[in-house]
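Colleague: For reference, the structure I am asking about is given below.
The values are calculated or read from the model by the stated rules, or taken from the named source; none is laboratory data. Computed from a prediction, not measured in an experiment: that's the story for all the values here. Cβ placement follows ideal geometry from the backbone for every residue including glycine, while neighbour counts extend to all protein chains displayed.
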Amino acid sequence: MLCGDAASQAAGSRLVSTFPIKDVLARVPTPQAGGPRYTLPQFFTEPLIQNAGGAHPHLLRPRCRVILSSAMEPIRTLFERPQPAGPPALPGDLRLAYGGDLRFPVATGRPYVIGNFVSTLDGVVSFSIPGKSGGGDVSGFNEGDRFIMGLLRASADAVMVGSATLAEAGKRHLLAAESVNPPAAESYRRYRGSALQKQPYPISVIVSGNGSVDLERATFHTPGLRAVIITTEPGRERLCDKGVAALASTEVRVIPAPGSILPASAILDLLWREYGVRLLLHEGGPALFGSFVSLGLVDEFFLTIAPQLAGRNPGSKRPGMIAGVEFPPADAPWLELLSVKQNGDHLYLRHRPRQASLTADSSRM
C-alpha cells in the first residue's frame, strides 16, 4: 500500500492507505516508448513521482515507507458531502489512511464541539459490565475505530470526559492520540505539532460534579499533560482532601451548580475564555453528552457502528449515545450526513445538526 512523505520515518506504524496499490496501478497504462508519461489521480500524487517514465514498480519514491496492517483492511470513503475548497489539513500519510481530509470550521464565541462514540448495531455504547464497559469492547477493538479516535484527539485542543468514563479506561490510559492508537503515534505527533502548531497533548478535561476522581491515574502524573477537573464546591473539597493540590499539572475549577449536574454552557465558557479551547472533543459518557446535546451545543457527531448486537433486558443499564434527556417528536434534533467511511464490516459516520431551513422543509413533507 501507499504512504505519504510524512510517513517515511514512521517505522512499525500500522496505518493504511485508501486503496491497495494493485487496484490503483491496474488503472494506470504502461508508458510506451517515446509516448507521454502518465500520472496517477491527483489524490495519489503526494507519495508518487508525478511523471513516472518507467515501469510501475518505479512509481514509488525511494524514501516512501510502506504502511501496512495485517489485521486491517483499508478505510474507504463511501460518501462525503462536498466541502469548501481549501488546502488539505491532514498530512499525506494520515489523509491516505483516513480516506480523505479532515477539516473543521473556525470556532466563534465558544468551542466547536465534536462528539465521538462507538455503538453496536442496536444502539448500545457500553455493556455496563465491570471490566467490559469501554468502547473497545463494543468495537471489538477495531483498528479503524482506534485510528479515527486518535485522529480526532490529535486534532483537538482539549478532550473531555466524565469521571465515570475516565474510570472505565486503564489507569495508564491518557486522553491523547498515541494512547489509543500507538502505531500511529509519530504521524499524530507530526500532524499536531507541525501542521496544527499545537502543544504535544490536548488538555484533559474531567467533569465530576461530586469530585469522585481517581487521582492516581496517569492523566494526573504525565509531564507536559495539562489536566483540568471541573466540579462543584463540594467536589473541590473532596479533591482537596485527596491531595489534588500536590499535582503540579492538575487544576480544579469550580462551576456553581445547585446539585452535581454542571451546566454545559458554563463548561464551554470556561474552556473558551480561560484555556483557549477552540476545538473540543467530547467522549462522554452519555449523561454528560446528553446535557450538551439537549442545549444544541454539539456541532458534529462521529459514530462508529460495530457489527454486533448487545441487546437489553427490561430495566437494563446499557446506555445509548445520549442519556438523561428525551425529545418529543416535534423537537427531536435532525442531523445531516457529512461522510460515511468503511473498514471491513465497520461503518464510520459523521453528522452535523441539520440546518433549520432543511428541518422546516422536511416537517412539511
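Colleague: Could you list all residues from the stretch 152-175 that are free of Cβ contacts under 8 Å to residues at least 60 places away in the same chain, within 24 Å of P130 (Cβ to Cβ) and not polar (S, T, N, Q)?
Modeller: Of everything in the stretch 152-175, those that are free of Cβ contacts under 8 Å to residues at least 60 places away in the same chain, within 24 Å of P130 (Cβ to Cβ) and not polar (S, T, N, Q) turn out to be L166, A167, E168, A169, G170, K171, R172, H173, L174.
Colleague: I'm told S260 meets every condition in (1) surrounded by fewer than 16 Cβ atoms within 10 Å (Cβ to Cβ); (2) farther than 29 Å from L295 by Cβ except one. Can you identify the failing condition by its number?
Modeller: Failed condition: (2).
Colleague: Quick one: E283 ticks every box in (1) more than 19 Å from the chain's Cα centre (by Cα); (2) in contact (Cβ under 8 Å) with a residue 40 or more places away in the chain; (3) within 25 Å of L174 (Cα to Cα) bar one, so which box is it?
Modeller: Answer for E283: the failing condition is (1).
Colleague: Here are T120, T108, T39: which of them is touching a strand residue (DSSP E or B) at 6+ places or on another chain (Cβ under 8 Å) and at pLDDT 85 or above?
Modeller: One residue alone meets the criteria, T120.
Colleague: Go through the residues of the stretch 349-356 one by one and say whether even a single one is in contact with a strand residue (DSSP E or B) (Cβ under 6 Å, 6 or more places away or on another chain) and at pLDDT below 95.
Modeller: yes
Colleague: What is the residue count in the stretch 189-211 for residues that are polar (S, T, N, Q) and buried (at least 16 other Cβ atoms within 10 Å of the Cβ)?
Modeller: 2
Colleague: Another question, if that's okay. Looking for something at pLDDT below 90 and out of contact with any helix residue (DSSP H, G or I) (no Cβ under 9 Å at 6 or more places or on another chain) - is there at least one such residue anywhere in the stretch 71-81? Lay out the reasoning, then the answer.
Modeller: Filtering the stretch 71-81 down to residues at pLDDT below 90 leaves 71-74.
Applying the additional criterion that residues be out of contact with any helix residue (DSSP H, G or I) (no Cβ under 9 Å at 6 or more places or on another chain) yields none.
Checked against the condition, which is being at pLDDT below 90 and out of contact with any helix residue (DSSP H, G or I) (no Cβ under 9 Å at 6 or more places or on another chain), the stretch 71-81 yields no hits at all.
Colleague: It is to be established whether one or more residues within the stretch 321-344 are among the basic types (K, R) and either surrounded by fewer than 16 Cβ atoms within 10 Å (Cβ to Cβ) or assigned to a loop (DSSP other than H, G, I, E, B) (or both).
Modeller: no
Colleague: Give the residue, chosen from G144, G136, G131, that is outside any helix (DSSP H, G or I) and more than 28 Å from W272 (Cα to Cα).
Modeller: Every option except G131 fails the conditions.
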